[in-house]
1. Any residue in the stretch 31-53 that's under 14 Å from E79 (Cβ atoms): show its pairings with residues that are acidic (D, E) and part of a loop (DSSP other than H, G, I, E, B) at Cβ separation under 6 Å, as long as the two are six or more apart or on different chains.
2. Would you say G107 is touching a residue at least 12 places away in the same chain (Cβ under 8 Å) and within 12 Å of the chain's Cα centre (by Cα)?
3. Determine whether the stretch 81-90 contains at least one residue that is in a helix (DSSP H, G or I) and either exposed (fewer than 14 other Cβ atoms within 10 Å of the Cβ) or touching a residue at least 24 places away in the same chain (Cβ under 8 Å) (or both).
4. Would you point out the residue of the stretch 148-188, among those that are modelled with pLDDT under 95 and not in a helix (DSSP H, G or I), that is nearest to N114 (Cα to Cα)?
Amino acid sequence: MHCFQRAGWSLAAVLLVAGCAREAPQRPWAGRVAKEVNSLGYRNWIVLGDQAFPVHSRQGVRTIMVEDEIPEVLHGVLEILEQEQKVVPRIYVAQELDHVPNDRAPGIDEFRKNLDRALHGHQARALQYKSLTVLLEDSTKSFAVVVLKTQTALPYTSVFIELDSGYWDADSERLLREKMVEVVERSS
C-alpha cells in the first residue's frame with residue numbers, strides 16, 4: 001500500500017506540473033523581449049508589427065522576429081511593462097483597424113476582440129496609420145525603437161507603444177511649470 005501512496009503522490013505532482021504548464025504557455029520570445037523592454041525608458045517605442053511591417057535599417061531600431069500573434073505578444077509586453085515603475089505605455093492603433101471589413105480580411109473581427117482583451121484595460125488611442133508611421137520615423141532619429149515582428153497577417157493591425165515616464169506624469173509637469181513661473185514672477 002505504501003508503494004501505491006508514493007505512486008499516487010508522484011502522479012499528482014506530474015499532473016499538477018502538467019496542469020500549470022498548460023495554464024502558462026511557454027513564450028520562447030518572452031525572455032529576449034523582457035530584456036529589451038527593461039532597457040527602454042521614456043520616449044522609447046515598442047512596435048508590435050504585422051508580417052508586412054518593414055524592417056528598418058536605421059541605427060537604434062532593433063527588430064525581433066516573434067512567432068506569435070499580435071494580441072498574445074501585446075499581452076506579454078504589457079505584463080512586463082506593468083511590473084516596471086519607470087515607464088508606462090501609451091498605446092496607439094491604426095484608425096483604419098475599426099473600418100476593415102471581415103469579408104475583405106477574414107479573421108479581423110476576432111482579432112479586434114482578442115486585441116481588446118490583450119489591452120489589460122489600457123486605452124488605445126486611434127490615429128491614422130500614416131500618422132503613426134511618421135511619429136515612429138521621427139522618434140527613430142533620437143530614440144531607441146524595438147520592433148516585434150509577429151505572425152499576424154491582417155491589415156492595419158500593428159500596435160505602437162510609446163513609453164512615458166512612470167513616476168512623473170503630465171499633471172505633475174504642468175504643476176511644476178506653474179510653480180516655476182510663480183517663483184519667477186514673485187522675484188521680479
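1. none
2. Details: touching a residue at least 12 places away in the same chain (Cβ under 8 Å): yes; within 12 Å of the chain's Cα centre (by Cα): no.
Against the criterion (touching a residue at least 12 places away in the same chain (Cβ under 8 Å) and within 12 Å of the chain's Cα centre (by Cα)), G107 does not qualify.
3. yes
4. Only one residue fits best here, namely D164.
The values are calculated or read from the model by the stated rules, or taken from the named source; none is laboratory data. All of these numbers come straight from a predicted model, not from anything done at the bench. Note that each Cβ is placed from the backbone with ideal geometry, even for glycine, and that neighbours are counted across all protein chains shown.
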